[in-house]
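The values are calculated or read from the model by the stated rules, or taken from the named source; none is laboratory data. Not measured: the values here are computed from a predicted model. Quick reminder, even Gly has a Cβ in these numbers, built from the backbone with ideal geometry, and neighbours come from all protein chains shown. All accessible areas refer to the heavy atoms of the entire protein, side chains included, with ligands and DNA or RNA removed. Shrake-Rupley method; radii C 1.70, N 1.55, O 1.52, S 1.80 Å.
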Amino acid sequence: MASPADRKQAQREAFRADDPAAGPLTTDQGVAVDHTDDSLAAGERGPTLMEDFHFREKLTRFDHERIPERVVHARGAGAYGYFEPYESCAEFTRAAFLQDPSVRTPVFVRFSTVQGPKGSADTVRDVRGFATKFYTSEGNYDLVGNNFPVFFIQDGIKFPDFVHAVKPEPHNDIPTGASAHDTLWDFVSLQPETLHAIMWLMSDRAIPRSYRMMQGFGVHTFRFVNAEGRGTFVKFHWKPRLGVHSLVWDEAQECQGRDPDFNRRDLWDAIEAGEYPEWELGVQLVPEEDEFAFDFDLLDPTKIIPEEQVPVRPIGRMVLDRNPENFFAETEQVAFHTANVVPGIDFTNDPLLQARNFSYLDTQLIRLGGPNFSQLPVNRPVAPVRNNQRDGYHQSAIHSGTNYFPNSLGGGCPAHAGAGAGAYTHYAERVDGHKIRRRSPSFQDHYSQPAMFWNSMADWEKQHIVEAFRFELGKVGAMTVRARTVEHLARVDGELAAQVARGVGVPPPAGAETPGKQVSPALSLESLRGDGSIRTRQIAVLVTDGVDAEQITSVRERLAAEGAIVEALAPADGTITGSDGETYAVDRALPTVASVLYDAVLLPGGPVGTPPTAADPDAVRFVRDAFRHGKPVGALGSGVGVLSALEPEGLHLSTEFQRVVTDQGVVTDTSPGPASAEFLDAFVAAIAAHRHWGRPPVRR
Ligand code: HDD
């Protein structure tokens, strides 16, 4: 009998396709096929015959392999895992999966980008989807979130407008996986409710280093309901164990070409290597009586509750420990729906959430071709399903008995869940109002929270935001749109607006009134560095014949002990001969990789006085890119000489004699022999810091 944590995996087993090795090739009808390489033809050079049923079936099946991609979030990657609560949350919610720390609930998570099609690159500037399906004992619960805590619009009726504006333009289907185009910014400039999410989009949050290193948010205010029927407002937060880390824009762009699958490969490889990504689930809880205690509306999805105001309370953890076996069957066919809730979790009147509760079921009907998509293995609940829903496309069950309620002929089954049987009951909120089509005045402040976000950023984060605005608006053809956007920015922060205006060639806006100086330190990436470990960071060691073998071994051993992944890169694949005359395996040939695929680089020394990599332009470019992108650079022995290539980039090595020198993440030690503990400690610390922002900014 499978343990509860494995219930989803046990269920999946039943749907595994028969092993094709166990018998001959057949048609879909099970007829054995002796030859699948040539069509049935009238003579060796004659026409193909209509009666070749195998040929027609094979081609027809191929012609029908694709289903429509998701209208948004088309590109994604998913994994299975489990969730376990730290303690019972019974005080706030009766949800069964949040009661008992010994109960693991299986999950499937799909991460995604939003704008680009299914085949677009991973490292685009975009929101990332973070959708979790909990297969609970009371049915499926879907938390369909993003890596931003706010959304671009307040009411779902505007979703088609927003998505039309951000998607490729209708006449030429350009741009792919990008927001730097006229229609998006036209919409933004006319719709200041977008500004808060736009600030996040222009920040480094929009270019995560890894799905494993980004936060997730439920965005809306939801409602917990306990066994007594008492409601508590709740906002959901996922916090990654490895900390929140991002790329820099220049790097993200190069990565799109070097490895368009950068984020999905990273997730896949980490799980295959047993480095299971982990997030803590946290909640911000607001008692019902405090509904109006904030200077914004809790129902407004363009607002956060600052963590300093309502702390995030950790309630459990999620681990992803299994890759899917078939991308299409599982990651592509998974169907999330915000209205998939379980007893103890309820909605609020957030108009964006209400719209989503319509849209997701509707979209699955067209995308998955009918109403039976919940029978697909990845969507199937582990809780039993009993109802009178029948028929429709792709019904794969053979139901028997009655199909209506009430009935006596079927023994009255399935009967209503009796009291105490765990039925879902909607929160009995009192609602009273006139039918109107009007936004609440409490939704009208569009500038205070974007300003808070800006005020909370470190200097380097502000600089990246300004550069992002300049890049995006700089690609907008209509100068009126550029100017109108900058006018809105002036109402967020005058300096931000002035700097952007200077970059995009519009007049600096006259001083506008800006909201106060509210700050939320929890918003800065500076405060989200995680546990300080270097687990799963990718470290490149540039090697060639004659390299100091002792150095490589000492660095490899230490970094591997810390959980980092070390790869030796040489001018060509195969082996190299070290200074000790031994041969060492090369992990990858330099021309097949690039600095943007690694987190740090190390240059070991070679024979005395000969920087081993100095002559190799690929190696020099590698180190220069790593330096320009703020990455840790280590150099040992004569390898330090290679760093002279970084002088034009602003690196000035100390000429005073010191054994180990650390300067803005560049760690050097000119002494020969194995790397010292002091060097290794400093290099590890530099890698743990991820990026070193004191360096000169990236210039093309
Ligand atoms: Fe949505 C997909 C997240 C607003 C309509 N959305 C989708 C996915 C995520 C989100 C992560 C991908 C799920 C997957 O991996 O399959 N969406 C959000 C968040 C929102 C949001 C966090 C705001 C807080 N979405 C939103 C609105 C609407 C939609 C307002 C419509 C009124 N979203 C959809 C959709 C999608 C979708 C069209 C496309 C594919 C799908 O649902 O399954 O129905």
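What to note about this one:
- Selected from Thr575, Val642, Pro632, residue furthest toward positive end of dipole (segment 551-694; charges at beta carbon): Pro632
- Label point distance in nm, Tyr404-His164, each placed 7 Å from Cα along Cα→Cβ: 4.4 nm
- Length available on full extension from Thr575 to Arg588: 0.36 nm per residue minus the Cα-Cα distance, which gives 3.7 nm.
- Per-pair calculated FRET efficiency, R0 = 45 Å: Glu275 and Gln463 via Cβ, rounded to 0.05: 0.90
- Net charge over other residues, Cβ less than 9 angstrom from the Cβ of Asn455 (K, R count +1; D, E count -1): 0
- Eigen-decomposition of the gyration tensor built on the alpha-carbon atoms of segment 77-375 gives equivalent ellipsoid semi-axes of 29, 24, 19 angstrom, largest listed first.
- Modelled FRET efficiency - R0 30 Å, Ala14 with Ala428, Cβ distances, 0.05 increments: 0.15
- In loop segments of segment 266-306 as defined by DSSP, the chymotrypsin sites (Phe, Trp or Tyr not before Pro) with at most 11 further C-beta atoms inside 10 Å of their C-beta are Phe292.
- Dipole of segment 77-375 [Lys/Arg +1, Asp/Glu -1 at C-beta], most positive-end residue of Pro314, Thr132, Val163: Thr132
- Centre separation in Å (Cα based) which lies between segment 113-165 and segment 405-437: 30 Å
- Per the Debye formula on identical point scatterers at the alpha carbon atoms of segment 447-527, with no solvent, log10 I(q)/I(0) at q = 0.11, 0.23, 0.26 Å⁻¹ is -0.27, -1.05, -1.22.
- Once the C-beta distance of Asp34 and Thr176 is scaled by a Förster radius of 25 Å, the resulting FRET efficiency is 0.05 to the nearest 0.05.
- Hz values of 3J(HN,Hα) by residue in segment 456-473 - Karplus curve (6.51, -1.76, 1.60), Gly and Pro given as x: 8, 7, 5, 4, 5, 5, 4, 4, 5, 5, 4, 4, 5, 4, 5, 4, 5, 5
- Solvent accessible area, Å² - Tyr276, 1.4 Å probe, full protein context: 110 Å²
- Reach of Lys167 by Cα under 27 Å, taken over lysines that are not fewer than 8 positions away in the same chain: Lys118, Lys133, Lys158, Lys303, Lys462, Lys475
- Its relative contact order, with pairs defined as Cα atoms under 8 Å and 6+ residues apart, puts segment 77-375 at 25 percent.
- Counted by Cβ distance under 13 Å from Ile271, the other residues give a net charge of -3, where Lys and Arg count +1 and Asp and Glu count -1.
- In this rough spin-label picture, where each label sits 7 Å from Cα along the Cβ direction, the Ala677-Thr553 distance is 1.9 nm.
- Relative contact order (%) - criterion: Cα under 8 Å, at least six apart; region: the chain: 12 percent
- Residue among Ser246, Thr592, Gln664 farthest towards the positive dipole end of the chain, charges placed on Cβ: Ser246
- Gyration tensor verdict on segment 390-443 (Cα atoms; rounded if a/c is under 1.5, prolate if a/b is larger than b/c, oblate otherwise): prolate
- For segment 79-158, convex hull of alpha carbons as volume per residue, Å³: 150 Å³
- Two-decimal Rg/Rh across segment 393-506, once Rg and the Kirkwood Rh are taken from alpha-carbon atoms: 1.38
- Max-minus-min Cα coordinates of the chain on each principal axis give 93, 81, 56 Å, with the largest extent listed first.
- Once you reduce segment 555-573 and segment 36-102 to the center of their Cα atoms, the two points are 37 Å from each other.
- Calculated mean residue ellipticity at 222 nm for the chain: -7000 deg cm²/dmol, from DSSP H runs with n ≥ 4 weighted as -39500 (n - 2.57), summed, divided by the residue count and rounded to 500.
- For segment 1-153, the Kirkwood estimate of the hydrodynamic radius, built from every pair of different alpha carbons, is 20.4 Å.
- Taking all protein chains as shown and a probe of 1.4 angstrom, Asp269 keeps an accessible surface of around 80 Å².
- Percent accessible area from carbon and sulfur atoms, the chain, protein chains only, probe 1.4 Å: 53 percent
- Over the C-alpha atoms of segment 538-688, the Rg to Rh ratio, Rh being the Kirkwood estimate, stands at 0.91.
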